[in-house]
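Heads up: the structure comes next, in structure tokens.
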Amino acid sequence: MLIPSTMLLLASSIEETSIEPASAGIMLLFAAVMMATYVGVAVERFHKTVAAMCGAVVLVSLGLGLGLFEYEKIYDFLEEDLNIFGVIIGTGILVDVVGKSGLFHFLSMWIVRLTGGRAAALFLTLCVVTFLFVAVLTIVPAMLILSSLVLVICRALNYKPVPLLLSVAICANSGAIATFASGLPNIMIGTAAGIPYADFLKVSLPYAVVSLVIAIIGLRFFFRNDLPWQQTSEEQAALREQIETFDPWAMVDDRKVLFRSGLILTLTVLGFVFAQQLGVGMDFIAMGGATAALCFAGKGVEDAIHKVNWTVIMFFMGLFIIIGCVKQTGALAWVAQQVVAMSDNRMELLIPLMGGFSAVASSIVDNIPVAATLIPIVRDISGGPVPAEPLWWTLIICCNLGGNGTPIGSISCVIAIYALKREAGEHVGWGTFLKLGGTIMLIQVAGAILFVMLLHYQGWIPELASHGT
């Protein structure tokens, strides 16, 4: 049973979200439409983007008809995640222009030569490189770059692209919890809680490495029959002979353009790293890199802009509108509050409930609105006997790793699946992904909950001066 102080804290969290809860019937109606949309996304014969746009149109129409919000509120739904679109567009242009310079082909051949083209070594190298790229680049630009690299490598070695590209997508979510700027939930929660950059290296980075190991083991087992893991000496000799024929410069028309492209890409990476110190958003860095690429290394501006993944943009636009409409009814906040209420402010219950809810919700909805919904609730229930720090780190880790649960749970999985369908003609169904990503997510999230609880009870979590207030 809730004590009065907890009831007051939950009430204040509702006030801070500035959302007047709708009736239970309206909440259920909007939640039902959202779930019907996800069913449409799951149906293979129905295009994901069409499903998302249909759900958005229905919920906006219901919201306006029931007087839940004014039409201008829709722009507020998109404004919360507007930077994502800027990052996708900017890095999409940058990746296309840099790719035409031959840089990605050059890097791909270097990775192939480094690993000797052996499937086991190549798989492990790509997983580790993905982790490092996401930790430095953030998840969207890293995935756009790595998906191009993987497809080039698979074509060169005649390997199946599904195992390697899905491995990259799932390992990307481990890299997303490595630093303050590697994932959007990190930025949102870290800013709200006042978590210093260095604390990420002490708390979330160690578990990011652990979750990467879990992912690698799970992926290796799941794809045990899809790549030539065990190669005879004759096969390895033939592979080395084949690799010797690969010319890293084959796709390079102008070495000066290649070097300029490499410089622009490097400066863009540094921009992502220091964006917070520079006081600008990731979207500005991405658009700046795209502009520089078009000015100094670009060929065919119209074609480069056309190569932006507008399907993914429209898909996420529809999802963000759907989530904003459901959030406006107070349904997401209500569900989150029930998780808090069930724990009765006991940390041994609150951490698992908060972690489990944020992970599952992130896999079904999206980690950005989940984080936005839970931030004010965590801020209000913490303090006094309830420390804020374990709850903040639970949200950061579980919101990111929850993206491994479904094909739409994280932008890395969406990018990988669309790249497979568009570039390789390969389709990955929900059933296949749930067996792979869902299993890995459950193990990772369970480990994360135990990890945070261990740090909390051992007193190893750095204390925040502001306590997230």
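Over the chain, with the other protein chains present, what is the accessible area per residue in square angstrom, probe 1.4 angstrom?
On the way: 19570 Å² over 469 residues.
Here the residues of the chain average 42 Å² of exposed surface.
Taking θ as phi - 60° and the Karplus parameters 6.51, -1.76 and 1.60, the scalar couplings of region 289-296 work out to x, 5, 5, 4, 5, 5, 6, 10 Hz in sequence order, x denoting glycine and proline. Residue by residue, region 188-196 carries 3J(HN,Hα) couplings of 5, 6, x, 5, 5, 8, x, 7, x Hz when phi is fed to the Karplus relation 6.51 cos²θ - 1.76 cosθ + 1.60 (θ = phi - 60°); x denotes Gly or Pro. For region 158-281, the calculated P(r) over all alpha carbon pairs, in 5 Å bins from 0 to the bin holding the longest distance, is 2, 9, 11, 12, 13, 14, 14, 13, 7, 3, 1, 0 percent.
How far, in degrees from 0 to 90, does helix 439-458 lean away from the longest principal axis of the Cα atoms of the chain, to the nearest 10? Around 60 degrees separate the two axes. Of all aspartates and glutamates in the structure, those lying under 18 Å Cα to Cα from LYS327, and not within fewer than 8 positions of it along the same chain, are GLU15, GLU16, GLU20, GLU70, GLU72, ASP76, GLU79, GLU80, ASP81, ASP366. Taking only the alpha carbons of region 129-191, we obtain Rg and Dmax values of 12.7, 45 Å in that order.
Quick one: net charge around ILE396, please, counting Lys, Arg +1 and Asp, Glu -1 for every other residue with C-beta under 12 Å from its C-beta.
Numbers: positive: none; negative: ASP199, GLU389.
Cβ neighbours under 12 Å give a net charge of -2.
Rolling a 1.4 Å probe over the protein heavy atoms of the chain, with every protein chain left in place, gives an accessible area that is 66 percent carbon and sulfur. Within the full protein context, the accessible area of VAL301 is estimated at about 70 Å² for a probe radius of 1.4 Å. Residue farthest toward the positive end of the dipole of the chain, with Cβ of Lys/Arg at +1 and Asp/Glu at -1: which of VAL452, GLY330, VAL386? Checked the options; the winner is VAL452. Of LEU239, TRP229, GLY218, whose Cα points farthest to the positive end of the dipole of region 207-283 (charges on the beta-carbon: +1 Lys, Arg; -1 Asp, Glu; origin at the Cα centre)? The listed residue farthest towards the positive side: GLY218.
In percent, rounded to a whole number, the relative contact order of the chain is 26, using alpha-carbon pairs under 8 Å and six or more apart.
Positive contributions from Lys and Arg (+1) and negative ones from Asp and Glu (-1), summed over other residues with Cβ under 13 Å from the Cβ of LYS202, come out at -3.
Axis angle, to the nearest 10 degrees, between helix 389-401 and the longest C-alpha principal axis of the chain: 50 degrees.
This model, with +1 at the C-beta of Lys and Arg and -1 at the C-beta of Asp and Glu, gives region 251-330 a dipole about its Cα centre of some 120 debye. Bridging of LYS256 to lysines at a Cα separation below 25 Å is possible for LYS100, LYS299, LYS307, once same-chain residues fewer than 8 apart are set aside.
Quick one: dipole size for the chain, taken about the Cα centre, charges +1 on Lys/Arg Cβ and -1 on Asp/Glu Cβ, in debye to the nearest 20. Could the numbers behind the result be given before it?
Numbers: 23 positive and 31 negative charges, 216 e Å.
Value, rounded to 20: 1040 debye.
Within region 241-299, the trypsin sites (Lys or Arg not before Pro) that combine a DSSP coil assignment with at most 14 other C-beta atoms in a 10 angstrom radius are LYS299. Peptide packing: for 305-314, 427-436, 198-207, the average count of neighbouring Cβ atoms within 10 Å per residue gives the ranking 198-207, 305-314, 427-436, highest mean first.
For region 26-36, backbone phi angles converted through the Karplus equation (6.51, -1.76, 1.60; θ = phi - 60°) give residue-by-residue couplings of 5, 4, 5, 4, 5, 5, 5, 5, 4, 5, 5 Hz, Gly and Pro being listed as x.
When the charge dipole of region 100-239 is built from unit charges on Cβ atoms (+1 for Lys and Arg, -1 for Asp and Glu) and taken about the Cα centre, the candidate among TYR159, LEU132, ALA169 whose Cα reaches farthest toward its positive end is TYR159. Taking Lys and Arg as +1 and Asp and Glu as -1, the other residues whose beta-carbon sits under 15 Å from that of MET453 total -1. Note the angle between two axes, namely the Cα long axis of helix 347-364 and the longest principal axis of the Cα atoms of the chain, as a number of degrees from 0 to 90, rounded to the nearest 10. Helix 347-364 sits roughly 50 degrees off the main axis of the chain.
The values are calculated or read from the model by the stated rules, or taken from the named source; none is laboratory data. Note that the structure is predicted; figures quoted are calculated from it, not measured. When we count neighbours, we look across all protein chains shown, and the Cβ atoms used for this are built from the backbone with ideal geometry, even at glycine. Note: accessible area is taken over every heavy atom of the protein model, side chains too, but ligands, DNA and RNA are not part of it. Shrake-Rupley method; radii C 1.70, N 1.55, O 1.52, S 1.80 Å.
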